[in-house]
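Bear in mind these aren't lab numbers, they're just calculated from the coordinates by the rules spelled out. As the structure is a prediction and not an experimental result, all values here were calculated from the model. Positions of Cβ are backbone-derived with ideal geometry, glycine not excepted, and every protein chain shown enters the neighbour counts.
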Amino acid sequence: MSYKAPVDDMSFLLKHVFDVQNNFKDIEAFSDFDYELYDAVLEEGAKFAENVLYPLNRDGDEEGCHHSSSGVTTPKGFKEAYQQFCEGGWQGINGSPEFGGQGLPKALHVLVEEMLYAANTSFTLYPSLTAGACAAIAAHASDELKGRYLENMQSGIWSGAMCLTEPHSGSDLGILKTKAEPNDDGSYKISGTKIFITGGEHDLADNIIHLVLARLPDAPAGPRGISLFLVPKIAVNEDGSLGDANGVSCGSIEHKMGIKASATCVMNFDEATGYIIGEPNKGLACMFTMMNKERLSIALQGTGLAEVSYQVAKQYAVERIQGRSTREGQKGAAIIEHADVRRMLMTMRSTNEANRALSVLLAMNIDLEEHSQDPGVKLQAAKTVALLTPIAKAFFTDAGFDNCNHGIQVLGGHGYVREWGVEQFARDARIAQIYEGTNGIQAQDLLVRKVCADKAETLQALFGEIAETIAASDPKFTKLAEQLTVYLAKAKDLTSTIMQQFERNPAAAQGGAVEYLNTLAYVIGGWLWVKQLNCIKVLSELEQQRKLAAAEFFFEHLMPKIDGYVASINNGYDAAFALTDDII
Ligand SMILES: Cc1cc2nc3c(=O)[nH]c(=O)nc-3n(C[C@H](O)[C@H](O)[C@H](O)COP(=O)(O)OP(=O)(O)OC[C@H]3O[C@@H](n4cnc5c(N)ncnc54)[C@H](O)[C@@H]3O)c2cc1C
């Protein structure tokens, strides 16, 4: 079964729904770019995803990665694909041009990333981590470190890894133990063990640059005592050539449910030489530059896998004959005739297209935050990014897994067995709900930091934008605009309710955090559907029909979930605390 990157939908979002070039008109860094270029990048990205990465996906899952005394090997074909990926300039697509990157907008990059994740999630994780590491180095490292590392990382010659997690320290990074002791020359000796490190060791690149969280000897306890270090696998000489091996080794790799071709490593740092990034004890804030980039990237893992799963399920559903057809002249029914199968396919498509739109909106705000010359625009964009990132991470990855699960269900028993490959999509999607901060932690971040601590100011501004879209919506879609008005009011009320609950009892209020996040995600999804409908005139008749039907399905069958979330949050979470730990 084939995968076809949804290039037309992507181009529609960039050009018509978000008109990104107009939004970027004051951004000097993007002044040379135009839609012709964006379309060409999408086309080339699609070819790479469809023709190079997708064919490796199944075999990569079967072969997996292997660890031996000489290191970690990736599956057959990965090295060659990685070489092609680097030669195509894909690693540095959104990277800083000062260090060899192409400096293209994040709004374009997210769409390419979605295709890559759809085609081969395991492969895509390696460059995704590198891109995140580059962003943190570019934002916070000294000029010397940038000069020595960034160019080779942005070209993919060297890759990056993110080393936070330790055996006893997962969601709670404040208790991590890895030590950093100062050397006389300004560098540090890093010692400790990190677990679950994606791409911690592999055979794709000549060097691996680890960004490691560790504590200085006099560091205060907790998250305020964490510093960030750049620790290369192989030392890099002043002239940029590779020197001796550093004290970095891979102890083992994990055997996992999915993403089997992505090496998940136990990494031992044994007095390895590291270089501080940013200020001592302020490493967590620097690491957040990487983590936020990764959170969006992982959100795209969700959308990508949901999209490929939808495509395979649809192809299967038109061919599989089961039951009697109600259509004239046909005996057997293709299963796509059955309402329940259509329900699943439309759920997949309508969430995928809403989530894709949100990824462009979020990325466009990242571009404005990073490049706008207007301090007001920059600040508002930064706040919007902070608000939307946990929503995208959690909602897209939950939808990613749910939609992959629908994909299996559409294929029935043939989905559960290996043959058609959809069970791999679900296995590969599952981790996205856990890493980069579990979805429960994302919901907590949204409620506590992004809404309550902000007195919901950024959210209110977003609600204002939604109201503007409703006011300006095409009269043909009045019914949907009216429904959106109703759900917007519910989201506003719910925001007041949960903020009051949080003030009274913060611990219990967090019981509703996931439902609150989902409520906002559905309202934003509905908003972005109306925004899309307002632009559909540029599409063919057929595509207009498809968009309208998907939007109506989203409003009629998915947004009503909000009523359940509202009821549940209004009920409070006392029942969850009614039992003692031993009898729950
Ligand atoms: C395949 C894979 C790849 C990974 N890649 C990387 C990587 O590259 N770099 C890296 O550093 N790490 C990586 N990780 C680690 C990953 O980020 C952590 O597993 C994740 O953050 C959760 O930590 P934990 O597993 O220790 O779970 P825990 O923190 O023990 O959480 C267990 C459960 O408790 C909940 N929970 C915990 N604390 C709270 C709280 N305060 N409030 C509410 N609920 C809470 C969680 O939501 C979760 O449901 C990877 C993990 C895997 C499996």
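Helix 283-319 versus the longest principal axis of the chain: what is the Cα-based angle in degrees, 0 to 90, to the nearest 10?
Roughly 40 degrees, rounded to the nearest 10.
With just the Cα atoms defining each centre, how far is region 91-106 from region 287-363? Give it in Å.
31 Å
Mind pulling the per residue volume of the convex hull built on the Cα atoms of region 370-426? Å³ is fine.
Values: hull volume 4.9 nm³, N = 57.
For region 370-426, the hull spanned by Cα atoms encloses 86 Å³ per residue.
Expressed as a whole number of Å, what is the distance separating the alpha-carbon centroids of region 21-84 and region 380-408?
21 Å
Might you report the magnitude of the Cβ-based charge dipole of the chain about its Cα centre, with Lys and Arg at +1 and Asp and Glu at -1, to the nearest 20 debye?
1620 debye
Counting only helical runs of four or more DSSP H residues, what would the 222 nm mean residue ellipticity of the chain come to if each run contributes -39,500 (n - 2.57) and the total is spread over all its residues?
Mean residue ellipticity, 222 nm, calculated: -16500 deg cm²/dmol.
Could you give each residue of region 326-335 its phi-based ³J(HN,Hα) in whole Hz, using Karplus coefficients 6.51, -1.76, 1.60 with θ = phi - 60°, and x for Gly or Pro?
8, 8, 4, x, 10, 8, x, 9, 5, 5
Enumerate the amide H contacts of ILE234 below 5 Å, restricted to partners 5 or more residues apart or on another chain; note that Pro and chain-start residues carry no placed amide H.
ILE208, ASN246
Which order do the peptides 312-320, 12-20, 326-334 take when ranked by the mean count of other beta-carbon atoms within 10 Å per residue, highest first?
Packing order, densest peptide first, comes out as 12-20, 312-320, 326-334.
Just grab the label-to-label distance for ASN183 and SER68, each label 7 Å out from Cα along the Cβ direction, in nm (one decimal).
Roughly 3.2 nm, to one decimal.
Between region 113-133 and region 509-574, what is the C-alpha centre distance in whole Å?
Cα centroid of region 113-133 versus Cα centroid of region 509-574: 27 Å apart.
Using only the alpha-carbon atoms, how far is helix 457-471 inclined from the longest principal axis of the chain? Give it as 0 to 90 degrees, nearest 10.
Around 30 degrees separate the two axes.
Kindly write out, for region 51-64 in residue order, the coupling ³J(HN,Hα) from the Karplus curve 6.51 cos²θ - 1.76 cosθ + 1.60 (θ = phi - 60°), rounded to whole Hz, with x marking Gly and Pro.
The phi angles translate into 9, 9, 7, 4, x, 8, 5, 5, 5, x, 5, 6, 7, x Hz.
Arranged from highest to lowest average of other beta-carbon atoms within 10 Å per residue, in what order do the peptides 184-193, 365-374, 525-534 appear? Please report the intermediate quantities before stating the final value.
Values: 184-193: 15.9, 365-374: 19.8, 525-534: 23.0.
Descending mean neighbour count gives 525-534, 365-374, 184-193.
Strictly over 27 Å apart at the Cα level, which of LYS450/LYS547; LYS15/LYS293; LYS189/LYS282 would you flag in this model? Walk me through the numbers on the way to the answer.
Numbers: LYS450/LYS547 32 Å; LYS15/LYS293 23 Å; LYS189/LYS282 18 Å.
The pairs that break the limit, which is 27 Å between Cα atoms, are LYS450/LYS547.
Is the shape of region 161-265 rounded, prolate or oblate, going by the alpha carbon gyration tensor and its root eigenvalues a ≥ b ≥ c, with a/c under 1.5 for rounded and a/b larger than b/c for prolate?
Oblate, because a/c is 1.5 or more while a/b does not exceed b/c.
Given just the C-alpha atoms of region 466-584, how large is their convex hull per residue in cubic angstrom?
Each residue corresponds to 105 Å³ of Cα convex hull volume.
Compute the angle between helix 35-47 and the longest alpha-carbon principal axis of the chain, please, reported from 0 to 90 degrees and rounded to the nearest 10.
80 degrees
Before anything else, pin down the relative contact order of the chain: Cα pairs under 8 Å, at least 6 apart, normalised by residue count, whole percent.
RCO, the chain: 13 percent.
In the calculated pair distance distribution of the chain, what percentage of Cα-Cα distances lie above 30 Å?
52 percent
Please list 3J(HN,Hα) in residue order for region 505-518, calculated via the Karplus relation 6.51 cos²θ - 1.76 cosθ + 1.60 where θ = phi - 60°; whole Hz, with x for glycine and proline.
8, x, 5, 5, 4, 5, x, x, 4, 5, 5, 5, 4, 5
For region 301-576, take every pair of Cα atoms, bin their distances at 10 Å starting from 0, and report each bin as a whole percent.
7, 26, 33, 23, 9, 2, 0
Placing +1 at every Lys and Arg Cβ and -1 at every Asp and Glu Cβ, with all other atoms neutral, what dipole size does region 301-576 have around its Cα centre, in debye to the nearest 20?
That gives region 301-576 a dipole magnitude of about 540 debye.
Using a 10 Å cut-off on Cβ atoms, rank the peptides 139-150, 573-584 from the highest mean neighbour count down. Present the calculation step by step, with values, prior to reporting the outcome.
Working: 139-150: 17.7, 573-584: 9.2.
For the peptides 139-150, 573-584, the packing ranking is 139-150, 573-584.
Give me the net charge of GLN409's neighbourhood, meaning all other residues with Cβ under 12 Å from the Cβ of GLN409; Lys, Arg count +1, Asp, Glu -1.
Values: positive: ARG343; negative: ASP340, ASP402, GLU423.
Around GLN409, the surrounding residues sum to -2.
P(r) for region 12-120: what percent of alpha-carbon pairs falls in each 10 Å bin, starting at zero?
All Cα pairs, binned at 10 Å, distribute as 13, 39, 28, 15, 6, 0 percent.
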